[in-house]
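Q: The structure that follows is given in the form of structure tokens.
The values are calculated or read from the model by the stated rules, or taken from the named source; none is laboratory data. Everything quoted here is computed from the prediction, not taken from an experiment. Virtual Cβ from ideal backbone geometry, glycine too; neighbours counted across all protein chains shown. SASA here: full protein model, heavy atoms, side chains in, ligands and nucleic acids out. Shrake-Rupley method; radii C 1.70, N 1.55, O 1.52, S 1.80 Å.
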Amino acid sequence: MQILLLIILILIILAQLCLGIFGILMILSVIIGVPFIPTKNKDAKKMIELAKIKAGTKIVDLGSGAGRLLFLAEKNGAVATGYELNPFLTLWTKLVARLKNKHKKITIHTKSLYDANLSNIEVVFTYLMPGPMEKLTNKLYSELKPGSLVVTNSFSIPNKKPDIVSGDIM
């Protein structure tokens with residue numbers, strides 16, 4: 001009985017520690033300008049629709065959060081890659097991908113979105129605040145091939161008029 005109580009106590013302490021670390025990471029993400037704000041389902045579906053994904057399309061979600069766009073893109077035939085700094089969110093995405101048996105078509109990196117290699121990417125998804133979006137602009141222009149598509153939620157690429165606007169999706 002004492003061992004069971006000890007195990008329960010240890011699990012409670014570990015859960016509190018994980019929640020504390022998660023909270024610190026969420027606060028840090030707000031400070032550096034890329035907070036976790038999940039894309040609404042209707043907006044995610046609109047982003048996927050605008051991307052015109054076909055089987056084998058290589059997509060990347062820069063700041064992929066919990067992976068919503070990755071899973072929707074994969075469902076449409078894409079080979080999906082995400083970049084997310086929060087290790088809890090990348091762990092969550094990896095776990096869900098494994099449970100859904102999608103881990104071979106969805107890759108997630110616990111890395112800065114500025115470290116992503118975009119040279120062979122056909123579609124880029126972002127939901128970034130204006131500061132990080134401005135910082136990302138040069139990378140997009142220098143690494144993406146002509147004809148690649150950038151689909152953004154709420155914040156457009158600075159000094160670039162969107163080709164298509166549908167609500168908050170560009």
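Q: Can you pull out the residues in segment 90-133 that are over 23 Å from residue 77 (Cα atoms) and not in a helix (DSSP H, G or I)?
A: Scanning segment 90-133 gives 110, 111, 112, 128, 129.
Q: Also, I was wondering about something else. So, of the residues in segment 65-82 that are open to solvent by less than 10 Å² (accessible area, probe 1.4 Å) and assigned to a loop (DSSP other than H, G, I, E, B), which turns out to be modelled with the lowest pLDDT?
A: In this case the residue turns out to be 65.
Q: Among the candidates 57, 110, which residue alone is of a type in the set (Ser, Thr, Tyr), under 22 Å from residue 36 (Cβ atoms) and either in contact with a strand residue (DSSP E or B) (Cβ under 7 Å, 6 or more places away or on another chain) or open to solvent by 60 Å² or more (accessible area, probe 1.4 Å) (or both)? Give the derivation first.
A: Working: 57 fails: under 22 Å from residue 36 (Cβ atoms).
Sole residue among the options that is of a type in the set (Ser, Thr, Tyr), under 22 Å from residue 36 (Cβ atoms) and either in contact with a strand residue (DSSP E or B) (Cβ under 7 Å, 6 or more places away or on another chain) or open to solvent by 60 Å² or more (accessible area, probe 1.4 Å) (or both): 110.
Q: Consider only pairs whose beta carbons are under 7 Å apart and that are at least six residues apart or on different chains; among these, list those whose first residue lies in segment 81-97 and is in contact (Cβ under 8 Å) with a residue 12 or more places away in the chain and under 20 Å from residue 124 (Cβ atoms) and whose second residue is open to solvent by 60 Å² or more (accessible area, probe 1.4 Å) and assigned to a loop (DSSP other than H, G, I, E, B).
A: Pairs that qualify, where the first residue is in contact (Cβ under 8 Å) with a residue 12 or more places away in the chain and under 20 Å from residue 124 (Cβ atoms) and the partner is open to solvent by 60 Å² or more (accessible area, probe 1.4 Å) and assigned to a loop (DSSP other than H, G, I, E, B), are 83/111; 84/110; 85/110; 86/36; 89/36; 90/110.
Q: A further question follows. Can you list residue pairs whose Cβ atoms sit under 6 Å apart, with the first residue in segment 117-145 being without any contact (Cβ under 8 Å) to a residue 40 or more places away in the chain and the second being surrounded by fewer than 15 Cβ atoms within 10 Å (Cβ to Cβ)? Count only pairs 6 or more apart in sequence or on different chains.
A: 134/158; 137/158; 143/119
Q: Which members of segment 117-139 meet the condition of being under 20 Å from residue 53 (Cα atoms), of a type outside the set (Val, Ile, Thr) and open to solvent by less than 10 Å² (accessible area, probe 1.4 Å)?
A: To start, the set of residues in segment 117-139 that are under 20 Å from residue 53 (Cα atoms) comprises 117-127.
Among the residues that remain, those that are also of a type outside the set (Val, Ile, Thr) are: 117-120, 122, 125, 127.
If the condition is that a residue be under 20 Å from residue 53 (Cα atoms), of a type outside the set (Val, Ile, Thr) and open to solvent by less than 10 Å² (accessible area, probe 1.4 Å), then 118, 125 are the ones that fit.
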